[in-house]
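The values are calculated or read from the model by the stated rules, or taken from the named source; none is laboratory data. Predicted model only: the values in this text are computed from it and were never measured. For neighbour counting, all protein chains shown are included, and Cβ atoms are generated from backbone atoms with ideal geometry for every residue, glycine included. For the accessible areas, the whole protein counts, side chains as well, though only heavy atoms, and no ligand, DNA or RNA atoms are used. Shrake-Rupley method; radii C 1.70, N 1.55, O 1.52, S 1.80 Å.
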Amino acid sequence: MSRDNILHKVRTALGRSAGQAVADVPPVRLRVPEAAMEDRIALMRSRVEALAGKAVRVPTMDAACEFVAAAIAGKTAVASNAPYLEECGIARLPGVRTGIREVGELTAVCAQVDIGITSADYALSDTGTLVMIAGPAESRLVSLLPPAHIAVVPRERILTGLDELFTILPNPAAQTSSMVLITGPSRTADIEQILVRGVHGPGQVTVVIVG
Amino acid sequence: MSVEFDRKIHDTLADANLQLAIYTATGRLKEKRIEVTADNVLPDYQELRTQAHALKQHAIDNLDHYLEEFERNVEAYGGKVVYCKDATEVSDFVLDLAKRRGSKLIVKSKSMTTEEVDLNERLEHHGLESVETDLGEYILQLAHEKPYHIVAPALHKTRYDVADIFTKELHVARETVPEKLTLIARGVLREKFLKADIGISGANFLIADSGAVALIENEGNARLTTSAPKIHIAVAGIEKVIPRARDLAVFLKLLARSATGQLLSVYTSFLAGPRRVGEVDGPEEFYVVLLDNGRTKLLPDRSKRESLYCIRCGACLNACPVYRKIGGHSFPWVYSGPIGAIITPQFMGVSHEPALPFASSLCGACGEVCPVKIDIPKVLLELRSDVKKSEAREGQNRIEKLAFRIFAWVMTHPRVYELAGRMAASMAPAGDGKWIGSVPAPLSVGPLKAWLSERDLPPSPSKSFREMWRNR
Ligand code: SF4
């Protein structure tokens, strides 16, 4: 079996013995800058828009629900099981499928509908990123299969950036098998470096900041 | 092989369209990288490079430790680690698993490591359908070609080429608009994703303290590959391991910036094991294949070991005046450009393509842009000396002659024009093949001296590429 053979080769080449201790990992300084909430929101919006996503800010959960209702009018949508969408009333909007807990059904629905609606566990303002942690509340496919993605995010979840994320969440694997950072709409430039959006993932991403 | 190297370089130089395509694409990537790493945009850039280098150095110097830690954690989350020494072991593992699960269709996301072991060909040889899903890789799979560039695999294909390929292979109506071509691919591949039993991805990082793989991409095909099918297999070189999840804060800031000039790529997936209780979707089985395939050969020598720090961002290709002239397919293996020039001889042995370490002007651009600060020029010099040693051992000067011929050409051509900010004009001498054999006198005193002696005396191009393009 190659396992032992490869590890043996590695150790011999490095002059190490099995189980030999290692020096401390070089320090990585995570910097979490002071940034007022208003500044985070402003930066988040401008980053998302620079990526050709859409970013809107609404004052209340009701207003978020209204915004989503208008955005999905005449279209089909699936909502994740995030409690926040329930609280906003979005999960109960007409035409929205939600509460799906079986993978086959979820896949079939997500492959059919026009819009996937999620919340997000965090957002990173300095890159315009949504952080999606898979669990009972959020799945992988709702933000992936439909051609459009709407994420409804309460403003207090907006962090400054990666450093703050890894400060808060030094060990994501302890809580999920899948954490995905989404930064703008799916894109490719594989043909003559011409930017095309929506190649495999959603071509439209809308971030609704609440509060 | 060396005659092949000569011929491919010659063909690339003689193809005006290809020259323009390489020059434009690498130029654009190069500029975008400069914009997002500028002092006022990323004041920490140099510090991040230093940290990234230190982290990689630490991980590689203690590789056995981190591999074992990674393995323990993958298993703790219900995944499985499979060590493979070479291409055959990788394909045997996949074939066996596919057989046991009755799987016929495999979707693949972009992975240089699987290119390295010709995984698709091997699987298809045994009757499995293995489909590349990154748009560029898909185009190349249909065209039966290898990636032209680590990051932009189909960089050499025009929309018309793609239209021809799709019309011929997919039997669709001819379209030449990139948006429409993309939609065609999306449609075909979407069906494959939903039908596939197994998804095979690469891994940009293996995170030891989390038992996780990190995948970085823009299209969403890696997410689909790792989310839709019941089985996810990540194939990665053993050198991809980093100690902790938080180290990603350093690497993520560097990788997308260096590769495509983005602050972050569109999707960064951090995947630890199969779907857990309470999660609605995701694979039921999760495997990580850890591949040696020659990597352990790079470990004994301290400075050459650095070659394993590479995060495959492609920045050195875009910065390299030689890559920008001779393109990706001139290189004898899947890895091209400066990183290809240093890892190919070490993985395959220097006599595989002795000219390779000489296909560089040692201008230093690669080392300057490398986000993990690999001293590529230094490794190139060491490999040149290895070529000379192996030549002495083999008692023949064929190797040296071929190597120097490449070197001579490099020294007398591209860099100088790049410095002048002009499109290189080496097509005329290349077109009639005159450069072959035109070894300048200073070479007799060794490559480095020659380089230094030539350095301040750039011959001026008789005609720039642009002029030739206009007059063609
Ligand atoms: S050697 Fe450095 S610059 Fe080149 S691909 Fe690897 S990480 Fe990027």
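Assorted remarks:
- Across region B:249-256, computed HN-Hα scalar couplings (Karplus, 6.51 cos²θ - 1.76 cosθ + 1.60, θ = phi - 60°) run 4, 6, 5, 5, 5, 8, 5, 5 Hz from first to last residue, x flagging Gly and Pro.
- From helices alone, chain A scores -8500 deg cm²/dmol at 222 nm; the rule is -39500 (n - 2.57) for each run of n ≥ 4 DSSP H residues, then divide by the residue total.
- Region B:118-277, relative contact order in percent, only Cα pairs under 8 angstrom and at least six apart counted: 19
- The modelled label-to-label distance between B:LYS297 and B:ASP92, using points 7 Å beyond Cα along the C-beta direction, is 2.0 nm.
- Residues whose placed amide H lies under 5 Å from that of B:ILE106, excluding near-sequence neighbours: B:GLU129, B:SER130, B:VAL131
- Centre separation in Å (Cα based) which lies between region B:242-291 and region A:57-95: 29
- Two-site label geometry, B:ARG101 and A:ALA52: point separation in nm, points 7 Å out along Cα→Cβ: 3.4
- Greater than 26 Å apart at Cα, pairs in B:LYS240/B:LYS378; B:LYS146/B:LYS168; A:LYS54/B:LYS253; B:LYS240/B:LYS389: B:LYS240/B:LYS389
- For chain A, a Gaussian network of Cα nodes joined below 10 Å ranks A:ARG11, A:ARG155, A:ARG57 by mean-square fluctuation, and the top entry is A:ARG11.
- For chain A, averaging the sequence separation of C-alpha pairs within contact (under 8 Å, six or more residues apart) and dividing by the residue count gives a relative contact order of 25 percent.
- Residues of region A:131-158 buried by at least 50 Å² of accessible area upon assembly of all protein chains, compared with the chain on its own (1.4 Å probe): A:ARG140, A:LEU144, A:LEU145.
- Summing charges over all other residues whose Cβ lies under 13 Å from the Cβ of A:GLN175, with Lys and Arg as +1 and Asp and Glu as -1, gives -2.
- Shielding by partners, peptide A:194-207 (average Cβ within 10 angstrom, other chains): 6
- Were the residues from A:GLU34 through A:GLU156 laid out at 0.36 nm apart, the gain over their Cα-Cα distance would be 42.5 nm.
- ³J(HN,Hα) computed for each position of region B:90-99 - Karplus, 6.51 cos²θ - 1.76 cosθ + 1.60, integer Hz, glycine/proline x: 5, 5, 4, 4, 5, 4, 5, 5, 4, 5
- Carbon/sulfur fraction of accessible area - region A:29-210, other protein chains in place, 1.4 Å, %: 52
- HN-Hα J in Hz across region B:207-215 - Karplus 6.51, -1.76, 1.60, θ = phi - 60°, x for Gly and Pro: 9, 4, 6, 10, x, 10, 10, 10, 10
- Remark on A:LEU159: its backbone amide H falls under 5 Å from those of A:ALA123, A:LEU124, A:SER125, a criterion applied only to residues 5 or more positions apart or on other chains, H modelled at 1.01 Å from N.
- Percentage of interatomic Cα-Cα distances in the protein assembly as shown larger than 37 Å: 37
- Spatial offset of region B:1-22 relative to region A:100-156 amounts to 46 Å, using the alpha carbon center of each.
- Length added when fully stretched, B:LYS80-B:ASP15, from 0.36 nm per residue minus Cα-Cα: 18.7 nm
- Summarising the amide proton neighbourhood of A:ALA55: residues at separation of 5 or more, or on other chains, whose placed amide H is nearer than 5 Å comprise A:VAL207.
- Under the combined filter of DSSP loop state and at most 10 neighbouring Cβ atoms within 10 Å, region B:100-181 retains none of its GluC sites (Glu not before Pro).
- Cα pair distances of region A:29-210 binned at 5 Å [whole percent]: 1, 9, 17, 21, 21, 16, 10, 4, 1, 0
- Chains B and A, summed buried accessible surface - 1.4 Å probe, Å², nearest 100: 7100
- Computed label-point distance, nm, for sites B:LEU183 and B:ARG7 using a 7 Å Cα→Cβ extension: 4.2
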